[in-house]
Structures are given as structure tokens and as C-alpha cells.
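Asker: Sharing a structure with you now.
Please treat every number below as a calculation from the coordinates, not as lab data. Keep in mind it's a predicted model, so treat the numbers as computed, not measured. When we count neighbours, we look across all protein chains shown, and the Cβ atoms used for this are built from the backbone with ideal geometry, even at glycine.
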């Protein structure tokens, strides 16, 4: 626990109703959406302004106390996992929309505003905010910046970093700065510090205000469901559509297990098939109509036995409701599951999915697949029963094997969920030691005392040198003689 003197100073910084220090209340904050790892913070503060965030961070710097910024706690990689005894800075109360500038297609918000609230606020004016994670009704903009969140429609519109024009940040020493354009109007010369900050997973500071780009709603949107008897055929259709020169606003795939779970939960009317491909096109009516004919022809050539075009906005919304409910619906088919997040080149989809099936058979564990097929962002869901001794450990190791398969295919260990605590040891599989050391030097430039979300993102000898057999195995960074910078 933190000393009473520190708690008193934190209470003074955020007010008597802005501090949580009772152990039973702190348990709410011991993990995020990844529940495999848990730790109890020393205190939780709920600031209402940038000034209060600054005051808390300055206190942490003064007393050498680690701190972890937290949004809605929906992250799936342990990015908001506390360090034992740290200060969690919850931004839930900083939830105001500060200004809307339709003429310049921008909106300024605090970090506690939810993703869907941005679109809700500008929908009547004919705009929307493009990044749309599955948790968009509850996840916050601050968390989206930390993880560089994506979503189904990022195939065409880009990830969070594409839509952040500027952000106000409290640095780990308590200074306040702005990355990008302070007002989001013009680009700024010099280093792209906003690009460095977005996706840094809370290790470089805390965003307290963001200027976001909003987008005009397209003239028309068409959404197609295509049913296949083989996952391979649906995956091939994805490559063929992109190869034909089309860029859908979204292309999603679901396999039989995920279709069953979503249908049982949402009743979206999905067909009974081995693989379901969702293709959405938007833009001028003539262009969308012509391209949708091409998409349907490609799907038919690859064996789609049913194609269904949503006829109304209500039908389209139901299609997406089923897709976005897939992760939560897995509880209907398995008592426990691990959601992973790897990326591969689109052209490798058929072969990687086939290899994943062979790995599943060899491990004796089922894998459900529901993912952003258009940009190769896989979300394999490893199903297991935690009541069976040793099965959780097998499932976790299997999920890491899948990530290594993605890297071997020319991809990445994460597309949008982040590295966090869960995948930090796999960073050594993707990057050589000198590459990791260079990244760590960037981190140290912002946070020389390693107080901002420590023990996340990068592998460390302490966490990644220890293995389940209880023995200590030298970490690659130690072998390279550069572990000391961590």
C-alpha cells in the first residue's frame, strides 16, 4: 500500500471523491479485458481535468511511483494491468466533447469520451468517426490512442493514427505538451511525435485531449453476406477482390464456430456455413453498384452458395451487430477462451488458416476465427476449459504459437489489440535485440525513470527470462549485452 502521506497528497490533487484506496474497491481495477493477469494497485485516482492529471503525475515522479493510465478497461492485452502498488489514473470522468468544427471536419474531445459517442455527436450533420473497434460503445478515445485501435472499417479509412490531428499530453515528468497540430488545422514541421505517441500503449505519457478527424458519410453503403462451404474459398475471395483493384470499406470473415456463437447471441440470420464473408462497399452510387457486381461474381467463382445483400439500414445494422458480438458470444461455446491478434499478408490467408487448423488438431484445442480479412488482421480465439488442469497453460502457449506463425508468414504479433503484458515476450520473436534496444531508447527519452506503464510492450529479462519450468533462461537481450537499458 502507499503511505498515508502520499494518499493525502493524491486526495488533495483530485478532491476527496477522486481517490480510491480501499482494497475491496481497488479490485475493480486489478486487470483489464485480459483477466489472466491481475495485480492490485496502491490507489486509483479519477481526475476531471488536465491540471489534475498533471498534479498526479508530478506526485508520482516526485515519489518515484509507477502509474498506469486507464480508460474503460476493455483492452485485451493487459495494457492497463497495474503494477503492484502503483497509481492507476482512470480517465473515465474526463468525458466531455469540447468542440465541433464541421467546416474543418474535426472534433475535440477528452480521453474518456467513448468511440461511438464521437459518431453519435456528428451523425445528424452527415459525418462519422471511422475507427470502429468491436467494443466501440464502451471503449474510450484515450485507450484508442494508446493502442492505435482499428476496427472493421479501417481497411479503407485507416487506423486511429490516421484520424488524430493533434493531442495534448501529460509527459511522465508532469510537463504538458502537444503532439501534432494543437488545433488540428495544419500539419506541423519536424518529427512526427504524434505518430510516435499513438500506439505507444501508455509508456510515453497520458493524452488528456485529442483533436479528431471526422469523415463525410458516403452517398451509399452496400453490405453483402456470402456463404462458403470452405474457409479456404472465402479467404481466396478476399485476395481476389483486392487484386481486382477494389478497396471495400470493410471485409470480415467468420468461421462455423464464431457464426454459431454470434447467431445464438444476436440472431442476425446468418446462413449455416463453414465460412461467412462480409463485404461492405461505400461511395458514389454508380461506383458501388458496379463494384458490388464484381464482388458477387468473384464470390460465386470461388463457390459461394448463398449471397445476401442487406436491403435496409436495419438489416445492415443487424449484420454488423452479429459480427461485433462475436468475441463476447464465445462464452456460449466454451467456458474459457483466449482472443489473439496477429497480422499476415492477405495472400497468405488460405495457407495460414489451413496451418492453424492442423495446429488445432495437433493440440487438441478448438480455434474459432473471426477477423478483419481485408487487412489480414486475424483474431483467432483459442477455446479451452480452465477447470481441466494444465489446459489453460496449453491454450496460452498455443496462442503464442499462432502469433509466431503470423510472424513466419511475414506478419506481426498484433494488429490493433496491442502488445501490453500478454505479448511482450513475443516481441523478441519478431524483432532482433538491436531493434528492441532502439525502441527502448525512444521510451527512455520520454520516461527515463520507467514510471509510465512499466513492464509493458517490451520484453524484459525478469519477465521473459523465466519460464514455466521454474528455471531461468537468459533472455536474448541479456545475451546481446544490452539488457541494462531496460
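Asker: Helix 391-408 versus the longest principal axis of the chain: what is the Cα-based angle in degrees, 0 to 90, to the nearest 10?
Answerer: That works out to roughly 70 degrees.
Asker: How do 1, 292, 253 line up, fewest other C-beta atoms within 10 Å first?
Answerer: Working: 1 13, 292 20, 253 27.
If I rank by nearby Cβ atoms, fewest first, I get 1, 292, 253.
Asker: Going 7 Å from the Cα of residue 1 in the Cα-to-Cβ direction, what parts of region 34-55 have a backbone nitrogen less than 17 Å from that spot?
Answerer: Under cut-off, by backbone N: 40-45.
Asker: Sort all Cα-Cα distances of region 4-90 into consecutive 10 angstrom bins from zero, then give the percent of pairs in each bin up to the one containing the longest distance.
Answerer: For region 4-90, the binned pair fractions read 19, 54, 25, 2 percent.
Asker: May I ask for the percentage of alpha-carbon pairs in region 45-120 that lie more than 15 Å from each other? Before the final figure, lay out each step's value.
Answerer: Working: 1760 of 2850 pairs.
Percent of Cα pairs beyond 15 Å in region 45-120: 62.
Asker: Can you give the FRET efficiency to the nearest 0.05 for residue 358 and residue 247, using r as the Cβ-Cβ distance and R₀ = 35 Å? Write out the running numbers ahead of the final one.
Answerer: Values: r = 32 Å, r/R0 = 0.92.
Efficiency computed from Cβ-Cβ geometry: 0.65.
Asker: Shifting gears a bit: Using the Kirkwood radius over C-alpha pairs as Rh, can you work out the diffusion coefficient of the chain via Stokes-Einstein at 10 °C, viscosity 1.306 mPa s, in µm² per second? Write down the numbers at each step before the final one.
Answerer: Details: Rh = 23.4 Å.
Estimated via Stokes-Einstein, D reaches 68 µm²/s.
Asker: If you don't mind, another one. Give the Debye-formula value of log10 I(q)/I(0) at each listed q (0.14, 0.19, 0.22, 0.27 Å⁻¹), with one equal scatterer per alpha carbon of region 333-408, two decimals each.
Answerer: -0.40, -0.72, -0.94, -1.33
Asker: Please order 384, 157, 191 by the number of other Cβ within 10 Å, starting at the fewest. Each step should come with its number before you reach the end.
Answerer: Working: 384 23, 157 20, 191 9.
Result, fewest neighbours first: 191, 157, 384.
Asker: Something else: Would you compute, from DSSP H runs of 4+ residues alone, the mean residue ellipticity of the chain at 222 nm, taking -39500 (n - 2.57) per run and dividing by the full residue count, rounded to the nearest 500? Before the final figure, lay out each step's value.
Answerer: On the way: 18 runs with 169 residues, N = 486.
It comes out at -10000 deg cm²/dmol, rounded to the nearest 500.
Asker: Does anyone have the angle between helix 4-14 and the longest principal axis of the chain? Alpha-carbon axes, 0 to 90°, nearest 10?
Answerer: 60
Asker: Based on a Kirkwood Rh over C-alpha pairs, give the Stokes-Einstein translational diffusion coefficient of region 349-457 at 20 °C and viscosity 1.002 mPa s in µm²/s.
Answerer: On the way: Rh = 15.6 Å.
Here the translational diffusion coefficient equals 137 µm²/s.
Asker: Continuing with this model, one more query. Among 249, 412, which comes first, second and so on when ranked by fewest other beta-carbon atoms within 10 Å? It would help to have the intermediate numbers written out before the result.
Answerer: Details: 249 22, 412 16.
If I rank by nearby Cβ atoms, fewest first, I get 412, 249.
Asker: How much length is gained if the chain between residue 333 and residue 196 is pulled fully straight, taking 0.36 nm per residue apart and subtracting their Cα-Cα distance, in nm to one decimal?
Answerer: Values: separation 137, 0.36 × 137 = 49.32 nm, distance 3.96 nm.
Result: 45.4 nm gained on full extension.
Asker: So if I restrict to the alpha-carbon atoms in region 97-216, what is the Rg, and what is Dmax, the biggest pairwise distance, in Å?
Answerer: Radius of gyration, then largest Cα-Cα span, for region 97-216: 13.2, 41 Å.
Asker: Quick check on region 205-349: what does the Kirkwood estimate of hydrodynamic radius come out to from the alpha carbon pairs, in Å?
Answerer: On the way: mean 1/r = 0.0606 Å⁻¹.
After inverting the mean inverse Cα-Cα distance, the result is 16.5 Å.
Asker: Taking the 0 to 90 degree range and rounding to the nearest ten, how far is the long axis of helix 285-301 tilted relative to the main principal axis of the chain, both from C-alpha atoms?
Answerer: Taking the Cα atoms of the chain, the angle to 285-301 is about 70 degrees.
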